[in-house]
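Right, one structure below, let's go through it.
The values are calculated or read from the model by the stated rules, or taken from the named source; none is laboratory data. Just so it is clear, the structure is predicted and the values come from calculations on it, not from any experiment. Counting neighbours? That spans all protein chains shown, and the Cβs are built from the backbone with ideal geometry, glycine included.
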Amino acid sequence: MTKLLLKEILRELLSNKINLFFITLALVFSLTALNTIYALGKSAEKQILDTLANLNFGKDALLVLAGGSRVMGLTTTRTDTLVMEDVYAIERLGFVKMSSPFTGGLVEVSYKEKAEKLRLDGVLPIYLKANNWNILKGRFFNEEDVKNNNKVVVLGYDVARKWGGLNLVGEWIKIQGQFYLVIGILEKKGSLGHFPLDERIFVPLTTAQKRIFNQKHLRGIKIILYEDTSINLAEKTIRKLLRERHKLYGIAPDDFRIVTPEMVVARHTATSKTLSAFLLVIALISLIISGVIIMNLMTASVEEKAGVIALRIAVGAKPKHIILHYMFSALLLAIVSGAMGWALSIGLMYLLSLLTPLKPLFSWGTFLLSLTFSLITCIIFSIFPAFKASRIDPAILLKGL
Amino acid sequence: MSKILLQLREIKKTFQSGKVIYEILKGINLEVEKGEFLAIMGPSGGGKSTLLNIIGLLDRPTSGSYLFENREVSTLSTNELAKLRNEKIGFVFQAFHLIPWATAQENVLLPLLYRGKIDQEDIYRAQGLLDRLGLKNHINLKPAELSGGQQQRVAIARALINNPSLLLADEPTGNLDSQSSREVMDILTELNKEGLTIIIVTHDSEVAKRANRIKILKDGLFIE
């Protein structure tokens, strides 16, 4: 590729500016759409991940829930086999950083003249650390409260706000007809799913087991692993351990479920993924349409430049020279349009981030994506015009005029 | 060393349009020696352009034999023909056919683009040719900035850049005024005197007089 040939290609492209403008426009628009949709999808996904990491779950966490797989929402196995001894056994595993057992259920709570059904969780002091949460006012319960089954309660932020705010610390509220001392209020913590965390109340695990639910078993255990532990391996090990402890052999189904971060993310991103896949398909269709536009315009351009092409052939250009010439034009168009589409989509995402909670996600990945799709489109759709150009009969030069 | 540059034997060319078959060339026999200046004349529709296309390796005959420098070329592949055109034949057209967005010098260098690398020597050679054809001060002008005569001289320089064995000119003066026509014909005559074989197709008997041999093509056959 000599400099002169490159210059020749560039000038030929520039010789019909309107044509060039429309080709670039079509490409840039569809690439902008593609990039923006892709990046926004990624951004939404990242936000869900971040939320999960900050709030409910965590990257290096597992959740063991009592009761095996469900059929039509009903557990088909026993649900009362998960106990504190299982927690101790799990804690002995090398990769477990901490574990936070919990039980819980809906209870009748009343304060002054108001009564409400609230979700109550019985947890251990480690719960706050395991969930990356902090107390806003007062204190969380300690080992002493757990040991003595103390009748103390910590309120979620929204519960406290509804009933009188931070002044509730030190007040007594009634749970299932018994008085409990409010010792603390938790920080606000948004969450996804049923029973938002801010609308729950918390008591020591032992208090919940012995005084409220009268049961020995747990509803679940949140397990925090050391960083860089293989989640899959940890899941397998814990499953094996629990099956042994619960004396489940052979084909006996698990009487517990292990929830991994991926499962949580998958559940929360399933909808947004479907949507972004749908939008991506639309963007790809628009890319194909712009490809057809390119093909159309390039074919018109080849017809318009038939004389010049015939001349090139007459002075010795082989078909491959002509094909490469137009393919290279397409390549240039693709690179320029790809970069422009990417830049525009970043601008668009920035605008969207001002209007919606989505944050723009700068990444070279989307740049490559843009460039790749641009290249694929341009190359595929310039094959036809390029071959058409290479087939031009140089004899038209002599018949001319 | 043979003196014959090209030799056509019973060259026929037919075209099919629907069910009708037109025979444009009905058996052309022609020998051109090196250094000859041949003019082909004849009425429109007589097959001049078709013959020129075949001689110029832009088209293949339907039947017959064509020896170019003692090599049978009527059956060569598209790529081989392109290579031969590039190395052996220079074209001058009635409508000049310069690339509108390229300068005079770049137009002259065009055939070299398909041969390989263009080095500084090639550029000097292009400048030398333009200089010789009186376009010294126009090498960086685009075709639209040149007169018809100047454009045709650029086209001649382009035809000469590869040192061809044969120069084919199709009505080279057809789009020019008489003054420019004379200049262009002077150049061609001079090139012929230096040994370049030239075949020219023309309507103009003034132009044809410059040649040392005239053939007249009518209804697909030479009549004299």
**Complete:** Reported set for segment B:143-171 where residues are within 12 Å of chain A (Cβ to nearest Cβ) and not in a helix (DSSP H, G or I) is B:I161, B:N162, B:P164, B:L168, B:A169, B:D170, B:E171
**Prompt:** For segment B:109-126, which residues satisfy the criterion of being modelled with pLDDT of 90 or more and closer than 12 Å to A:R312 by Cα?
**Reply:** B:L109, B:L110, B:P111, B:L112
**Request:** Kindly establish whether A:S337 is under 32 Å from the mean Cα position of the chain (by Cα), in the same structural domain as A:T36 (by TED's automatic domain parsing), assigned to a helix (DSSP H, G or I) and buried (at least 22 other Cβ atoms within 10 Å of the Cβ).
**Result:** yes
**Fill in**
If you go through A:G316, A:G307, the only one that is touching a Lys or Arg at 6+ places or on another chain (Cβ under 6 Å), within 14 Å of chain B (Cβ to nearest Cβ) and within 30 Å of B:L110 (Cβ to Cβ) is A:G316
**Verdict on A:S345 being small (G, A, S), assigned to a helix (DSSP H, G or I) and surrounded by 17 or more Cβ atoms within 10 Å (Cβ to Cβ)** = yes
**Item:** Single residue of A:L52, A:L4, A:L31, A:L20 found to be in a helix (DSSP H, G or I), hydrophobic (A, V, I, L, M, F, W, C), crowded, with 17+ Cβ neighbours inside 10 Å and modelled with pLDDT under 75
**Value:** A:L52
**Request:** Give B:L52, B:L67, B:L38 a once-over and let me know the one that is in contact with a strand residue (DSSP E or B) (Cβ under 6 Å, 6 or more places away or on another chain) and at the interface with chain A (Cβ under 9 Å from one of its Cβ atoms).
**Result:** B:L52
**Asked** Taking the condition crowded, with 18+ Cβ neighbours inside 10 Å, more than 23 Å from A:M98 (Cβ to Cβ) and in contact (Cβ under 8 Å) with a residue 60 or more places away in the chain, does A:F213 pass?
**Response** yes
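Could you tell me whether A:V123 is in contact (Cβ under 8 Å) with a residue 60 or more places away in the chain, within 37 Å of the chain's Cα centre (by Cα) and crowded, with 22+ Cβ neighbours inside 10 Å?
yes
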**Asked** When you scan segment B:182-199, how many residues do you find that are touching a helix residue (DSSP H, G or I) at 6+ places or on another chain (Cβ under 7 Å) and farther than 19 Å from B:D131 by Cα?
**Response** 2
**Item:** Checklist (1) more than 11 Å from chain A (Cβ to nearest Cβ); (2) of a type in the set (D, E); (3) in contact (Cβ under 8 Å) with a residue 40 or more places away in the chain applied to B:E31, failing item
**Value:** (3)
**Message:** Given the condition within 14 Å of chain A (Cβ to nearest Cβ), more than 15 Å from B:E36 (Cα to Cα), in contact (Cβ under 8 Å) with a residue 24 or more places away in the chain and not in a helix (DSSP H, G or I), answer yes or no: does some residue in segment B:177-195 qualify?
**Reply:** no
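Given the condition of a type in the set (D, E), within 28 Å of B:D186 (Cβ to Cβ) and within 8 Å of chain A (Cβ to nearest Cβ), answer yes or no: does some residue in segment B:106-117 qualify?
yes
Among the residues of segment B:70-82, which ones are surrounded by fewer than 17 Cβ atoms within 10 Å (Cβ to Cβ) and either within 14 Å of chain A (Cβ to nearest Cβ) or closer than 26 Å to B:D204 by Cβ (or both)?
Quick first cut of segment B:70-82, residues surrounded by fewer than 17 Cβ atoms within 10 Å (Cβ to Cβ) only: B:70-72, B:75, B:77-80.
Answer for segment B:70-82, where residues must be surrounded by fewer than 17 Cβ atoms within 10 Å (Cβ to Cβ) and either within 14 Å of chain A (Cβ to nearest Cβ) or closer than 26 Å to B:D204 by Cβ (or both): B:S77, B:T78, B:N79, B:E80.
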**Complete:** Here the residues within segment B:83-97 that are within 8 Å of another protein chain (Cβ to nearest Cβ), in a loop (DSSP other than H, G, I, E, B) and either out of contact with any strand residue (DSSP E or B) (no Cβ under 8 Å at 6 or more places or on another chain) or under 15 Å from B:S147 (Cα atoms) (or both) are B:Q94, B:A95, B:H97
**Prompt:** Is one or more of the residues making up segment A:369-387 within 14 Å of chain B (Cβ to nearest Cβ) and in contact with a helix residue (DSSP H, G or I) (Cβ under 7 Å, 6 or more places away or on another chain)?
**Reply:** yes
**Message:** Let me spell it out: the conditions are (1) in the same structural domain as A:L31 (by TED's automatic domain parsing); (2) in contact with a Gly (Cβ under 6 Å, 6 or more places away or on another chain), and A:P253 meets all of them except one. Which number is the exception?
**Reply:** (1)
